1. Please work out if Gly210 is over 13 Å from the mean Cα position of the chain (by Cα), assigned to a helix (DSSP H, G or I) and not polar (S, T, N, Q).
2. Could you list, in sequence order, the residues of region 175-206 that are buried (at least 23 other Cβ atoms within 10 Å of the Cβ) and within 25 Å of Pro82 (Cα to Cα)?
3. Give the residues of region 104-127 that are over 12 Å from Ser37 (Cβ atoms) and either surrounded by 18 or more Cβ atoms within 10 Å (Cβ to Cβ) or within 19 Å of the chain's Cα centre (by Cα) (or both), sorted by residue number.
4. Which of the helices (runs of 4 or more DSSP H) contained wholly in region 29-144 include at least 3 residues that are among the small types (Gly, Ala, Ser), closer than 23 Å to Val158 by Cβ and at pLDDT below 95?
5. Among the numbered criteria (1) under 18 Å from Val99 (Cβ atoms); (2) out of contact with any Pro (no Cβ under 8 Å at 6 or more places or on another chain), which one does Gly210 miss?
6. Of the residues Val83, Val67, Val74, Val78, only one is under 13 Å from the mean Cα position of the chain (by Cα) and touching a residue at least 40 places away in the same chain (Cβ under 8 Å); which?
7. Which of the following residues is over 19 Å from Ala104 (Cα atoms) and out of contact with any strand residue (DSSP E or B) (no Cβ under 7 Å at 6 or more places or on another chain): Leu31, Leu35, Leu26?
Amino acid sequence: MTYSEPVTAAPTAAPPAPPADPHRSLPIRMLAEALGSAGLAAAVIGSGIMATRLTDDGGVQLLINAVATAAALVVLIVVLGPVSGAHLNPAVTAALAAVGRVPAREILPTVVAQLVGFAAGAVLANLMFGGAAVSISTTERAGLPLLLGEVVATAGLVAVILTLVLRVQGGWVPAAVGLYIGSAYFATSSTSFANPGITVGRMLSDSFAGIAPASAPAFVGAQLLGALLGVLVARFVLVPRQAVVAPSATR
(Lines give C-alpha, C1' and ligand atoms only; values in the text may rest on other atoms or scores of the structure.)
Protein backbone atom coordinates (compact mmCIF):
# COMPACT_ATOMS: atom_id res chain seq x y z
CA MET A 1 0.00 0.00 0.00
CA THR A 2 1.28 3.44 -0.82
CA TYR A 3 0.70 6.84 0.67
CA SER A 4 -0.10 7.92 -2.88
CA GLU A 5 -3.76 7.38 -3.65
CA PRO A 6 -6.20 8.94 -6.12
CA VAL A 7 -7.87 12.05 -4.72
CA THR A 8 -11.43 13.22 -4.86
CA ALA A 9 -12.17 16.16 -7.10
CA ALA A 10 -12.06 19.40 -5.15
CA PRO A 11 -10.76 22.88 -5.84
CA THR A 12 -7.93 22.47 -3.32
CA ALA A 13 -7.22 18.80 -3.89
CA ALA A 14 -3.75 17.64 -4.84
CA PRO A 15 -3.21 16.18 -8.30
CA PRO A 16 -4.05 12.46 -8.28
CA ALA A 17 -1.04 10.38 -7.36
CA PRO A 18 -0.58 7.01 -9.09
CA PRO A 19 -1.29 4.15 -6.67
CA ALA A 20 1.23 1.38 -6.07
CA ASP A 21 0.97 -1.21 -8.80
CA PRO A 22 -1.11 -4.09 -7.32
CA HIS A 23 0.42 -6.46 -9.86
CA ARG A 24 3.95 -5.96 -8.55
CA SER A 25 5.20 -8.96 -6.62
CA LEU A 26 6.26 -8.64 -3.00
CA PRO A 27 9.96 -9.16 -3.86
CA ILE A 28 9.84 -6.32 -6.41
CA ARG A 29 8.14 -4.00 -3.92
CA MET A 30 10.69 -4.88 -1.25
CA LEU A 31 13.52 -4.28 -3.72
CA ALA A 32 12.05 -0.82 -4.38
CA GLU A 33 11.96 -0.12 -0.63
CA ALA A 34 15.57 -1.23 -0.29
CA LEU A 35 16.69 0.92 -3.22
CA GLY A 36 14.80 3.93 -1.93
CA SER A 37 16.20 3.53 1.57
CA ALA A 38 19.71 3.20 0.16
CA GLY A 39 19.19 6.35 -1.88
CA LEU A 40 17.95 8.25 1.16
CA ALA A 41 20.87 7.11 3.33
CA ALA A 42 23.35 8.01 0.61
CA ALA A 43 21.79 11.46 0.28
CA VAL A 44 21.73 12.15 4.03
CA ILE A 45 25.23 10.87 4.77
CA GLY A 46 26.83 11.92 1.50
CA SER A 47 25.54 15.48 1.66
CA GLY A 48 26.76 15.70 5.25
CA ILE A 49 30.26 14.67 4.22
CA MET A 50 30.22 17.06 1.28
CA ALA A 51 29.00 19.88 3.52
CA THR A 52 31.94 19.51 5.88
CA ARG A 53 34.32 19.64 2.90
CA LEU A 54 32.73 22.77 1.48
CA THR A 55 32.58 24.92 4.61
CA ASP A 56 33.50 25.08 8.28
CA ASP A 57 30.31 26.99 9.11
CA GLY A 58 28.06 24.65 11.09
CA GLY A 59 24.89 26.45 10.06
CA VAL A 60 25.75 26.22 6.38
CA GLN A 61 26.65 22.56 6.80
CA LEU A 62 23.26 21.86 8.31
CA LEU A 63 21.53 23.82 5.55
CA ILE A 64 23.29 21.80 2.84
CA ASN A 65 22.38 18.56 4.56
CA ALA A 66 18.75 19.62 5.03
CA VAL A 67 18.21 20.80 1.46
CA ALA A 68 19.80 17.68 -0.05
CA THR A 69 17.77 15.38 2.21
CA ALA A 70 14.47 17.17 1.55
CA ALA A 71 15.02 17.14 -2.20
CA ALA A 72 16.01 13.47 -2.21
CA LEU A 73 12.85 12.56 -0.28
CA VAL A 74 10.60 14.26 -2.82
CA VAL A 75 12.27 12.53 -5.75
CA LEU A 76 12.37 9.10 -4.12
CA ILE A 77 8.71 9.19 -3.09
CA VAL A 78 7.57 10.38 -6.51
CA VAL A 79 9.58 7.73 -8.35
CA LEU A 80 9.11 4.75 -6.03
CA GLY A 81 5.67 5.51 -4.58
CA PRO A 82 3.83 3.78 -7.44
CA VAL A 83 5.96 0.65 -6.94
CA SER A 84 6.18 0.08 -3.19
CA GLY A 85 4.60 3.10 -1.52
CA ALA A 86 8.07 4.50 -0.77
CA HIS A 87 7.65 4.41 3.00
CA LEU A 88 11.46 4.46 3.45
CA ASN A 89 10.91 4.48 7.19
CA PRO A 90 9.96 1.62 9.57
CA ALA A 91 7.95 4.04 11.71
CA VAL A 92 5.89 5.11 8.70
CA THR A 93 5.30 1.48 7.68
CA ALA A 94 4.10 0.65 11.18
CA ALA A 95 1.88 3.74 11.29
CA LEU A 96 0.28 2.89 7.94
CA ALA A 97 -0.32 -0.65 9.17
CA ALA A 98 -1.95 0.74 12.31
CA VAL A 99 -4.59 2.48 10.18
CA GLY A 100 -5.12 -0.50 7.91
CA ARG A 101 -3.13 0.73 4.90
CA VAL A 102 -0.40 -1.95 5.05
CA PRO A 103 -1.17 -5.66 5.59
CA ALA A 104 0.32 -6.96 8.84
CA ARG A 105 2.10 -9.75 6.96
CA GLU A 106 4.10 -7.17 5.00
CA ILE A 107 5.45 -5.19 7.95
CA LEU A 108 8.45 -7.44 8.66
CA PRO A 109 9.68 -7.86 5.05
CA THR A 110 9.23 -4.15 4.43
CA VAL A 111 11.24 -3.16 7.51
CA VAL A 112 13.97 -5.70 6.71
CA ALA A 113 14.24 -4.34 3.17
CA GLN A 114 14.49 -0.80 4.51
CA LEU A 115 17.20 -1.69 7.02
CA VAL A 116 19.25 -3.49 4.37
CA GLY A 117 18.87 -0.46 2.11
CA PHE A 118 19.88 2.03 4.78
CA ALA A 119 23.00 0.03 5.60
CA ALA A 120 23.90 -0.26 1.92
CA GLY A 121 23.36 3.46 1.39
CA ALA A 122 25.66 4.31 4.29
CA VAL A 123 28.37 2.07 2.85
CA LEU A 124 27.91 3.65 -0.58
CA ALA A 125 28.20 7.18 0.82
CA ASN A 126 31.35 6.29 2.74
CA LEU A 127 32.97 4.77 -0.33
CA MET A 128 31.97 7.62 -2.65
CA PHE A 129 33.85 10.07 -0.46
CA GLY A 130 36.96 7.94 -0.08
CA GLY A 131 36.28 6.52 3.37
CA ALA A 132 36.18 2.98 4.71
CA ALA A 133 33.08 1.03 3.73
CA VAL A 134 32.00 1.03 7.37
CA SER A 135 33.20 3.53 9.96
CA ILE A 136 31.24 3.33 13.20
CA SER A 137 30.15 6.79 14.27
CA THR A 138 31.57 8.36 17.41
CA THR A 139 29.07 11.25 17.50
CA GLU A 140 27.16 11.09 20.77
CA ARG A 141 23.60 12.39 20.56
CA ALA A 142 22.15 12.10 24.05
CA GLY A 143 20.01 13.95 26.53
CA LEU A 144 16.32 14.54 27.10
CA PRO A 145 16.12 17.66 24.88
CA LEU A 146 17.35 15.71 21.84
CA LEU A 147 15.05 12.79 22.59
CA LEU A 148 12.11 15.15 22.93
CA GLY A 149 13.11 16.60 19.57
CA GLU A 150 12.92 13.12 18.03
CA VAL A 151 9.50 12.49 19.55
CA VAL A 152 8.23 15.75 18.09
CA ALA A 153 9.90 15.24 14.70
CA THR A 154 8.55 11.72 14.23
CA ALA A 155 5.08 12.53 15.55
CA GLY A 156 4.79 15.41 13.12
CA LEU A 157 6.03 13.39 10.16
CA VAL A 158 3.66 10.51 10.82
CA ALA A 159 0.72 12.85 11.45
CA VAL A 160 1.36 14.67 8.16
CA ILE A 161 1.56 11.46 6.13
CA LEU A 162 -1.43 9.75 7.73
CA THR A 163 -3.58 12.86 7.51
CA LEU A 164 -2.98 13.15 3.77
CA VAL A 165 -3.50 9.41 3.23
CA LEU A 166 -6.72 9.24 5.23
CA ARG A 167 -8.06 12.38 3.53
CA VAL A 168 -7.22 10.77 0.18
CA GLN A 169 -4.79 13.57 -0.70
CA GLY A 170 -1.83 11.35 -1.47
CA GLY A 171 -0.60 13.60 -4.26
CA TRP A 172 0.61 16.07 -1.63
CA VAL A 173 2.77 13.53 0.21
CA PRO A 174 6.09 13.89 -1.65
CA ALA A 175 6.18 17.67 -1.31
CA ALA A 176 4.77 17.64 2.22
CA VAL A 177 7.33 15.12 3.46
CA GLY A 178 10.23 16.97 1.84
CA LEU A 179 9.13 20.33 3.20
CA TYR A 180 8.43 18.91 6.65
CA ILE A 181 11.81 17.21 7.01
CA GLY A 182 13.65 20.19 5.56
CA SER A 183 12.10 22.53 8.10
CA ALA A 184 12.30 20.07 11.00
CA TYR A 185 16.09 19.93 10.56
CA PHE A 186 16.11 23.45 12.00
CA ALA A 187 13.00 23.33 14.18
CA THR A 188 13.97 20.34 16.34
CA SER A 189 16.93 19.93 18.66
CA SER A 190 17.80 16.53 17.18
CA THR A 191 17.85 17.76 13.54
CA SER A 192 14.93 15.44 12.85
CA PHE A 193 16.16 11.91 12.19
CA ALA A 194 12.50 10.83 12.57
CA ASN A 195 13.32 7.39 11.18
CA PRO A 196 14.59 4.27 12.98
CA GLY A 197 16.03 2.92 9.72
CA ILE A 198 18.16 5.94 8.91
CA THR A 199 19.28 5.98 12.53
CA VAL A 200 20.73 2.49 12.02
CA GLY A 201 22.35 3.55 8.76
CA ARG A 202 23.90 6.64 10.32
CA MET A 203 25.67 4.48 12.90
CA LEU A 204 27.80 3.11 10.04
CA SER A 205 29.37 6.47 9.09
CA ASP A 206 31.66 8.45 11.37
CA SER A 207 30.77 11.70 9.67
CA PHE A 208 28.61 14.82 10.01
CA ALA A 209 25.35 12.83 9.93
CA GLY A 210 26.50 9.97 12.14
CA ILE A 211 25.20 8.79 15.48
CA ALA A 212 27.13 6.65 17.95
CA PRO A 213 25.67 3.16 18.55
CA ALA A 214 25.28 3.96 22.24
CA SER A 215 22.94 6.85 21.37
CA ALA A 216 20.86 4.98 18.80
CA PRO A 217 18.54 2.86 21.02
CA ALA A 218 17.18 5.91 22.84
CA PHE A 219 16.69 7.71 19.52
CA VAL A 220 14.77 4.74 18.11
CA GLY A 221 12.63 4.53 21.23
CA ALA A 222 11.81 8.23 20.97
CA GLN A 223 10.94 7.80 17.30
CA LEU A 224 8.59 4.91 18.00
CA LEU A 225 6.88 6.91 20.74
CA GLY A 226 6.56 9.82 18.33
CA ALA A 227 5.08 7.54 15.67
CA LEU A 228 2.45 6.35 18.13
CA LEU A 229 1.56 9.93 19.03
CA GLY A 230 1.39 10.82 15.35
CA VAL A 231 -1.07 8.00 14.68
CA LEU A 232 -3.28 9.15 17.55
CA VAL A 233 -3.22 12.78 16.46
CA ALA A 234 -3.99 11.96 12.84
CA ARG A 235 -6.67 9.43 13.64
CA PHE A 236 -8.55 11.26 16.36
CA VAL A 237 -7.82 14.95 15.82
CA LEU A 238 -6.88 15.75 12.23
CA VAL A 239 -9.06 13.25 10.39
CA PRO A 240 -12.56 12.62 11.73
CA ARG A 241 -13.52 8.96 11.61
CA GLN A 242 -16.34 9.65 9.16
CA ALA A 243 -13.90 11.30 6.75
CA VAL A 244 -11.70 8.22 6.38
CA VAL A 245 -11.99 6.57 2.97
CA ALA A 246 -11.59 2.81 2.96
CA PRO A 247 -8.62 1.53 0.94
CA SER A 248 -10.88 -0.45 -1.38
CA ALA A 249 -12.75 2.72 -2.29
CA THR A 250 -9.60 4.35 -3.61
CA ARG A 251 -8.39 1.61 -5.91
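1. Here the answer is no, as Gly210 does not meet what is asked.
2. Val177, Ile181, Phe193, Ala194, Asn195, Pro196, Gly197, Ile198, Gly201
3. Those that are over 12 Å from Ser37 (Cβ atoms) and either surrounded by 18 or more Cβ atoms within 10 Å (Cβ to Cβ) or within 19 Å of the chain's Cα centre (by Cα) (or both): Glu106, Ile107, Leu108, Pro109, Val123, Ala125, Asn126.
4. none
5. Going through the list (1) under 18 Å from Val99 (Cβ atoms); (2) out of contact with any Pro (no Cβ under 8 Å at 6 or more places or on another chain), Gly210 breaks only (1).
6. Val74 is the lone residue from the list that is under 13 Å from the mean Cα position of the chain (by Cα) and touching a residue at least 40 places away in the same chain (Cβ under 8 Å).
7. Values: Leu31 fails: over 19 Å from Ala104 (Cα atoms); Leu26 fails: over 19 Å from Ala104 (Cα atoms).
Checking each option against the conditions leaves just Leu35.
The rows are residues; the columns are (1) free of Cβ contacts under 8 Å to residues at least 60 places away in the same chain; (2) of a type in the set (Lys, Arg).
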{"site": "Arg101", "(1), (2)": "no, yes"}
{"site": "Ala104", "(1), (2)": "yes, no"}
{"site": "Ile107", "(1), (2)": "yes, no"}
{"site": "Val116", "(1), (2)": "no, no"}
{"site": "Ala120", "(1), (2)": "no, no"}
{"site": "Phe129", "(1), (2)": "no, no"}
{"site": "Ala132", "(1), (2)": "yes, no"}
{"site": "Thr139", "(1), (2)": "no, no"}
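The values are calculated or read from the model by the stated rules, or taken from the named source; none is laboratory data. Every value quoted in this text rests on a predicted model; they were computed, and no experiment measured them. Please note: Cβ atoms are built from the backbone with ideal geometry, for glycine as well, and neighbour counts cover all protein chains shown.
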